[in-house]
Amino acid sequence: MDEIDFDQWAQVVNKGLELSYNQTISALHELAKNEIDDGKRFNAIHVLQENGEIDEEMKKSMIERKKDEEVWE
């Protein structure tokens with residue numbers, strides 16, 4: 001994923017949401033929970049939020065692991 005820019009990444013994610021929504025959401029949840037790169041984590045959280053896929057339990061878990069103030073803005 002380091003070799004593609006954000007627009008390419010967004011296109012891949014959007015196609016994934018179109019073709020295999022649940023698997024793509026699952027992968028984005030993993031990125032949001034475990035990715036150490038703040039930018040990648042932010043992008044995953046943003047897509048999840050746009051699709052209404054962040055529940056209260058996930059919010060609590062992410063807040064407990066909060067590393068980047070910008071992610072929460």
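Observations on the model:
- Sites I4 and E30, calculated FRET efficiency, Cβ-Cβ separation with R0 22 Å, nearest 0.05: 0.75
- K15-H46 pseudo-label distance in nm [points 7 Å out on the Cα-to-Cβ vector]: 2.0 nm
Rule-based calculations on the coordinates, nothing more; no lab input. All of these numbers come straight from a predicted model, not from anything done at the bench. Virtual Cβ from ideal backbone geometry, glycine too; neighbours counted across all protein chains shown.
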